[in-house]
Every structure is written in C-alpha cells, then in structure tokens.
Amino acid sequence: MVHKIKNTIHNFEKITHTIMNNGLKFCFGLCLASLFLLLVYDFLIASPFLYAIGINLFRLSLIFGIEFIVCAFVTDGIKKQLV
C-alpha cells in the first residue's frame with residue numbers, strides 16, 4: 001500500500017508535484033508560526049487569546065496540508081482519467 005502511494009506521488013505531473021510541494025512548504029511555515037506563538041504563550045505571556053490563535057493556526061496548517069495532498073491526488077487522477 002505504501003509502495004503504491006509512493007509510486008503514485010513519484011508519477012505526478014511536474015506542475016502537480018510542484019504545487020503540492022510548495023503548498024506543503026507553506027503549511028510547514030504556518031506550523032512553525034503556530035509553534036512560535038505557543039512557545040511565547042508558554043514562556044512569556046499567558047494569554048488565552050494567544051493560545052487560541054496558536055492552536056487554531058496549527059489546526060489550519062494541518063487541514064491545508066491534507067487538502068494539498070488530497071487535491072494533488074485528485075488533480076492527477078483527473079488529468080490521467082483515473083477517477
């Protein structure tokens with residue numbers, strides 16, 4: 001199963017692969033920003049508002065990451081008429 005997924009990702013078209021990689025880099029940046037906010041909350045300012053922003057930003061980064069992966073699979077499938 002994992003081997004099949006790796007082969008599918010390896011066989012993506014170049015533009016689909018580029019968009020997925022750039023999207024995942026963006027999500028990683030959002031994740032680092034949320035980590036920074038949560039560290040500030042933990043060590044400097046114990047504000048519930050800051051905690052809520054950090055947690056919601058982390059959730060958003062996970063959701064966007066999953067969306068980029070799923071949309072890459074769907075887009076590649078539509079282009080290759082597999083879906």
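The heavy atoms of F26 present about 110 square angstrom of accessible area, all protein chains included, probe 1.4 Å. Build a GNM of the chain with springs between Cα atoms under 10 Å apart, and of S47, S61, S34 the one that fluctuates most is S47. Accessible area ranking (1.4 Å probe, heavy atoms, ligands and nucleic acids excluded), largest first, for F12, F73: F73, F12. The order of M1, M20 by accessible area, most exposed first and with a 1.4 Å probe, is M1, M20. Once C-alpha pairs closer than 8 Å and six or more residues apart are averaged by separation and normalised to the residue number of the chain, the relative contact order reads 37 percent.
For the chain, the longest principal axis of the alpha carbon atoms and the long axis of helix 48-79 meet at an angle near 0°.
With the other protein chains left in place, how much accessible area per residue, in square angstrom, belongs to region 27-82 at a 1.4 angstrom probe?
71 Å²
Here the dipole of the chain is about 340 debye; that uses its Cα centre as origin and unit charges on the Cβ of Lys and Arg (positive) and Asp and Glu (negative). Looking at S61, L32, F12, which one has the Cα that reaches farthest to the positive end of the dipole of the chain (charges on Cβ: Lys, Arg +1; Asp, Glu -1)? Positive-most Cα among the choices belongs to F12.
The values are calculated or read from the model by the stated rules, or taken from the named source; none is laboratory data. Predicted model, so just to flag it, every value in this text is computed and none were measured. As a convention, Cβ positions derive from the backbone with ideal geometry for all residues, glycine included, and neighbour counts pool all protein chains shown. Heavy atoms of the whole protein, side chains included, go into the accessibility calculation; ligands, DNA and RNA do not. Shrake-Rupley method; radii C 1.70, N 1.55, O 1.52, S 1.80 Å.
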